[in-house]
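The values are calculated or read from the model by the stated rules, or taken from the named source; none is laboratory data. The structure displayed is predicted, hence computed values, not measured ones. Quick reminder, even Gly has a Cβ in these numbers, built from the backbone with ideal geometry, and neighbours come from all protein chains shown. With ligands, DNA and RNA removed, areas are computed over all heavy atoms of the protein, side chains included. Shrake-Rupley method; radii C 1.70, N 1.55, O 1.52, S 1.80 Å.
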Amino acid sequence: MTKTQHPLSVANRMQFEDAGRVKNEDTLTFFTRRLLNVCRPTDPGIPRLSIDQFAELYASNNQEHGHHFVIHQHRSTRGGTHYDLRLQFSATSSISFVIPRGVPGNTSGRRIGRAAVESRVHNLWQHLLESANNMSGSLLIWDTGTYSVLPRSTYSEEKIRKGLGPPRHLYPGMHIKDYPSQHQNERLIHAFQTGLIRLRLHGTRLPKDYTITLKINLGNSPKLSKTNVSSRSETEETHTTGAESEIEALYETRLRLNNAYPGSRNSIGSIFKRRWTLALDRVSSGFVRVSDNNVDEWVRDGDKGFDPFLVGGPGVDRSLVTGRLATEVESDAGLMAHKSQAEDGA
């Protein structure tokens, strides 16, 4: 039987070996230099962020009250393509959600609501990653920017706009529950811990005022068990020695208990594999609902809103920063071309 290394440890080693090489230069310089060396030209109209803009965005949020986000397109060798939404909540750490189909972009689509699943708390520097390895596939920067956490409405904004709610002059004080802090990362922590986040993403690929809600699914908190403390298959063999295997097992157990990668801190209370529902907030994104012959339709509110868009998948969407497709990220890393188990696209 061919011996293989454990997939989780291989992926982690790649990332943290990179982190170890940063000792002689700062993290941002290290990763932006690598990205600059692999940039591709793109046609006009393809969303792009220059390396300088990318670096300035990260640097301005590399502080206690930073509110940086990144959406990674993750083309996995085992699970197909999904998208990872990472939201900075402290100077060092980010919560992370796996979104299998990416973010919604069609107000009249049937899939306004999407599954979102908590993964590990990540390091902020992992927002800079665009890389690939044989075991976990490729990570591509699909969009990045900053976020705002909007006040939590206690009454339907749509009804208020249509005059069906309380008087408009009462709306700001009585029908919007705002958060005590003006720092966006602290607002995120509060919203996350109450299980409902109204999130506006200020990106480059995403349209202006693009807003989503994340709502926790009640009664779905995973509990730690033997099956989720260790992800090693009973039949899997490794190249590691007994001592190395013991260290690796301890590392993985600690990782799952803390739900945070080394260097990050799960002070927000993230739970691995807890399920949420992500939905497009159509009103906050600039749309109104109109009825014609008892058929409801969402239309742009004047010059607000945006044209429908689709998440194209790894064969279509290029990196916002380097202009590469997922296959080019993989080839630049010296990987053999692979076919993921799930159909490409989102």
*Would you confirm whether any residue within the range 202-225 is of a type in the set (Val, Ile, Thr), at pLDDT 85 or above and assigned to a loop (DSSP other than H, G, I, E, B)?*
yes
*asked:* Looking at the structure I just gave you, is Thr107 assigned to a strand (DSSP E or B) and open to solvent by less than 40 Å² (accessible area, probe 1.4 Å)?
replied: no
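For every residue, the table says whether it meets (1) surrounded by 17 or more Cβ atoms within 10 Å (Cβ to Cβ); (2) modelled with pLDDT of 55 or more; (3) assigned to a helix (DSSP H, G or I).
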residue: Gln126; (1), (2), (3): yes, yes, yes
residue: Thr146; (1), (2), (3): yes, yes, no
residue: Tyr155; (1), (2), (3): no, no, no
residue: Ile160; (1), (2), (3): yes, no, yes
residue: Leu164; (1), (2), (3): no, no, no
residue: His169; (1), (2), (3): no, no, yes
*Applying the selection to the range 59-70, what residues are open to solvent by less than 10 Å² (accessible area, probe 1.4 Å) and either under 22 Å from Met135 (Cβ atoms) or part of a helix (DSSP H, G or I) (or both)?*
Asn61, Val70
_Candidate set: the range 240-262, residues that are out of contact with any His (no Cβ under 9 Å at 6 or more places or on another chain) and assigned to a loop (DSSP other than H, G, I, E, B); chosen: the one modelled with the lowest pLDDT_ = Thr241
*asked:* Condition first: in a strand (DSSP E or B), of a type in the set (Val, Ile, Thr), modelled with pLDDT under 95 and surrounded by 14 or more Cβ atoms within 10 Å (Cβ to Cβ). Can you find one or more residues in the range 175-193 that meet it?
replied: yes
*Consider Gly102 against the criteria (1) surrounded by fewer than 20 Cβ atoms within 10 Å (Cβ to Cβ); (2) out of contact with any Ser or Thr (no Cβ under 8 Å at 6 or more places or on another chain): it satisfies all of them except one. Which criterion is unmet?*
(1)
*So which residues in the range 276-317 are among the aromatic types (Phe, Trp, Tyr), open to solvent by 30 Å² or more (accessible area, probe 1.4 Å) and in contact with a Phe, Trp or Tyr (Cβ under 7 Å, 6 or more places away or on another chain), if there are any at all?*
Trp298
_From Thr32, Thr81, residue being out of contact with any Gly (no Cβ under 9 Å at 6 or more places or on another chain) and surrounded by 17 or more Cβ atoms within 10 Å (Cβ to Cβ)_ = Thr32
*asked:* Looking at Glu17, Glu56, can you tell me which residue is among the charged types (D, E, K, R), at pLDDT below 95 and either under 19 Å from Ser94 (Cα atoms) or surrounded by fewer than 18 Cβ atoms within 10 Å (Cβ to Cβ) (or both)?
replied: Glu17
